There are 2 protein chains.
Amino acid sequence: MKVSSAQNLSIALIHYPVTNKNGDVITSAVTNLDLHDMARSARTYGVKAFYVVTPLEDQKALAAKLVDHWVSGGGARYNPKRCEALQLIHIRDNLEQVTADIEQANGQRPQTIVTCARPQRGSVSYGALREKLGDGAPALLLFGTAWGLAPECMSAADIILDPVRGIGPYNHLSVRSATAIILDRLCGEFN
Amino acid sequence: MKVSSAQNLSIALIHYPVTNKNGDVITSAVTNLDLHDMARSARTYGVKAFYVVTPLEDQKALAAKLVDHWVSGGGARYNPKRCEALQLIHIRDNLEQVTADIEQANGQRPQTIVTCARPQRGSVSYGALREKLGDGAPALLLFGTAWGLAPECMSAADIILDPVRGIGPYNHLSVRSATAIILDRLCGEFN
């Protein structure tokens, strides 16, 4: 039995800077179901806030419209449980805005944690991070869209988390699935 | 450290019979990203086959077109890793066809396992099912779309698995996220 301690964890979905298939740094498009699925996982595991990060005005407007429908529009009446999840979403231009938000709310900058499908030198285990999160200090877990977080984003993080491994070398989970699994490993309780 | 034993697990995504928000038994529509995400999770965790179950001819044709694009069409060249995942997909009319398929391949009918977001009497723990799967006998894990598997489908199953619980009563994960978490709990390895 794994027991969850009090945590102060937020998550962020990064649309820039991320890499494409060829390793170029790009800005990816916001995907409707990323927001729904990740918000529902965040709500399930007691995550404090879910930041959607993109510098593009049209993409911010699209994300805001989607969130508004489910949080205060017709969607909120149709499905209040979806409202409860999507109200965790905050849309921000960049990572600096996110960490500043968390610092303002907590009086302390969050430790940033990155994940990658590929093994990284110095990565920490799920058990070690889970224990660390139990101290209640603010922490921010970053997820990359497209082919993952850009190298500059990986190297600027405080902590690198072990990749999610299945039973072989295949490591191509969707960001929606990876988020669900990682939150369960860090915050879930089961026998 | 959780260590995976040899497993012989398949999964099925059921579009009929499932319930809607009001508890009526309905046939749900096939969702593109369910097939992608669940196929990628299945491939990650060594699942033998991913059955997409719907009785509707137009929905079967849609699913087949999608799979074909990624398994033998342009998608296979663009992203071979996606091909590797989606080739696990088999489209069937109903659950009887699925269990017959598995029986034909294994000389033994699979034990069927259902999941539900709500607690069910007599449900088994993840640890207990994981141990049972280690015997290598064929097993089939069913996931419901919409508001979940119809009562007739739940009561016909051999095994009911504990719900995925987060840190509170909120239990509204997407089927994509629930599949990822459940496969990780049953088949994943991590420290």
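The values are calculated or read from the model by the stated rules, or taken from the named source; none is laboratory data. Nothing here was measured: the structure is a model prediction, and the numbers come from that model. Counting neighbours? That spans all protein chains shown, and the Cβs are built from the backbone with ideal geometry, glycine included. Heads up: the accessible areas ignore ligands, DNA and RNA and are worked out on the full protein's heavy atoms, side chains in. Shrake-Rupley method; radii C 1.70, N 1.55, O 1.52, S 1.80 Å.
Restricting to the range A:56-102, give me the number of residues that are open to solvent by less than 70 Å² (accessible area, probe 1.4 Å) and acidic (Asp, Glu). Total meeting the criteria: 3. Taking the criterion of being farther than 14 Å from A:Ala12 by Cβ and of a type in the set (Phe, Trp, Tyr), the residues of the range A:143-181 that qualify are A:Trp147, A:Tyr170. Exactly one residue among A:Asp24, A:Asp34 is acidic (Asp, Glu) and in contact with a strand residue (DSSP E or B) (Cβ under 7 Å, 6 or more places away or on another chain), and that residue is A:Asp34. Take the conditions (1) more than 10 Å from chain B (Cβ to nearest Cβ); (2) modelled with pLDDT of 95 or more; (3) farther than 20 Å from A:Ala49 by Cβ; A:Ser177 misses just one of them, which is (1).
Inspection of the range A:14-32 finds a residue satisfying the criterion of being in a loop (DSSP other than H, G, I, E, B), without any contact (Cβ under 8 Å) to a residue 24 or more places away in the chain, on the phi < 0 side of the Ramachandran plot and more than 10 Å from every other protein chain (Cβ to nearest Cβ). Within the range B:33-55, the set of residues being in a loop (DSSP other than H, G, I, E, B) and crowded, with 16+ Cβ neighbours inside 10 Å comprises B:Tyr45, B:Gly46, B:Val47, B:Lys48, B:Ala49, B:Thr54. Quick check on B:Leu129: is it among the hydrophobic types (A, V, I, L, M, F, W, C), modelled with pLDDT of 95 or more and touching a His at 6+ places or on another chain (Cβ under 9 Å)? No.
Among the residues of the range B:139-170, what is the count of those that are open to solvent by 10 Å² or more (accessible area, probe 1.4 Å), at the interface with another protein chain (Cβ under 10 Å from one of its Cβ atoms) and in contact with a Cys (Cβ under 9 Å, 6 or more places away or on another chain)? Matching residues across the range B:139-170 total 2. Taking the conditions (1) open to solvent by less than 30 Å² (accessible area, probe 1.4 Å); (2) on the phi > 0 side of the Ramachandran plot in turn, B:Tyr126 satisfies each one other than (2). Of the candidates A:Lys60, A:Lys81, the single residue that is among the charged types (D, E, K, R) and within 14 Å of chain B (Cβ to nearest Cβ) is A:Lys81. Return a yes/no flag: does the range A:70-77 have any residue that is within 14 Å of chain B (Cβ to nearest Cβ) and among the β-branched types (Val, Ile, Thr). No, the range A:70-77 contains no residue that is within 14 Å of chain B (Cβ to nearest Cβ) and among the β-branched types (Val, Ile, Thr).
Within the range B:33-57, the residues that satisfy the criterion of being more than 14 Å from chain A (Cβ to nearest Cβ) and of a type outside the set (Phe, Trp, Tyr) are B:Ala49, B:Val52, B:Val53, B:Thr54, B:Pro55, B:Leu56, B:Glu57.
Tell me, yes or no, whether the range A:118-125 has at least one residue that is at pLDDT below 95, within 14 Å of chain B (Cβ to nearest Cβ) and touching a Leu at 6+ places or on another chain (Cβ under 6 Å). No; the residues of the range A:118-125 include none that is at pLDDT below 95, within 14 Å of chain B (Cβ to nearest Cβ) and touching a Leu at 6+ places or on another chain (Cβ under 6 Å). Of all residues in the range A:44-65, those that are at positive phi have Cβ atoms under 8 Å from Cβ atoms of residues that are among the hydroxyl-bearing types (Ser, Thr, Tyr), 6 or more apart or on another chain, in A:Gly46/A:Ser4.
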